[in-house]
Amino acid sequence: MTVTVGNDYTKEKKFQELMSQADVKTVNLMRSNKPITIDSEELVVGDIIFIGYGDAVPADCLVITADDAFASEAALTGEPEDL
């Protein structure tokens, strides 16, 4: 019984580590008038991010300019198709 509990704890800990890493994405942005790429965890207020086709928005943001922008909320609503 003790071995099973220990194994379950180890597996759960590794799973939680993997899940926390899955949320981290790389982001292309403009900071201090220089284009750079960083992890989404390092975003700060005032960063200007570049979002391309198929990219997920890594944080709350304001859209400065957009060409043919479209947002799919299917992941949030669970709907299979956009209306």
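Values in this text are rule-based calculations from the coordinates and carry no lab data. Only a predicted model underlies this, so the values are computations on that prediction, with no experimental measurement involved. Glycine gets a Cβ as well: all are built from the backbone with ideal geometry, and neighbour counts include every protein chain shown.
Tabulated data for the structure shown
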read-out: Residue order, fewest to most surrounding Cβ atoms within 10 angstrom, among 18, 62, 43; value: 62, 18, 43
read-out: Proxy reagent accessibility, fewest Cβ within 10 Å first, across 68, 47; value: 68, 47
read-out: Footprinting exposure proxy for 65, 26 (fewest neighbouring C-beta atoms within 10 Å first); value: 65, 26
read-out: Candidate lysines for bridging to residue 34, where Cα separation is under 20 Å - those fewer than 8 sequence places away on the same chain excluded; value: 25
read-out: Karplus-derived 3J(HN,Hα), 6.51/-1.76/1.60, for each residue of the range 38-43, Hz, glycine and proline x; value: 9, 6, 4, 5, 9, 5
read-out: Environment charge at residue 31 (Cβ cut-off 15 Å; Lys +1, Arg +1, Asp -1, Glu -1); value: -3
read-out: Entry for log10 I(q)/I(0) by the Debye sum over Cα atoms at q = 0.15, 0.16, 0.23, 0.24 Å⁻¹ (calculated from the structure that is shown) out of (i) -0.41, -0.47, -1.08, -1.20; (ii) -0.61, -0.67, -1.05, -1.11; (iii) -0.74, -0.80, -1.16, -1.21; value: (iii)
read-out: Label point distance in nm, residue 56-residue 72, each placed 7 Å from Cα along Cα→Cβ; value: 1.3
read-out: For the chain, with +1 on Lys and Arg beta carbons and -1 on Asp and Glu, the positive-most of 24, 52, 63 along the dipole; value: 24
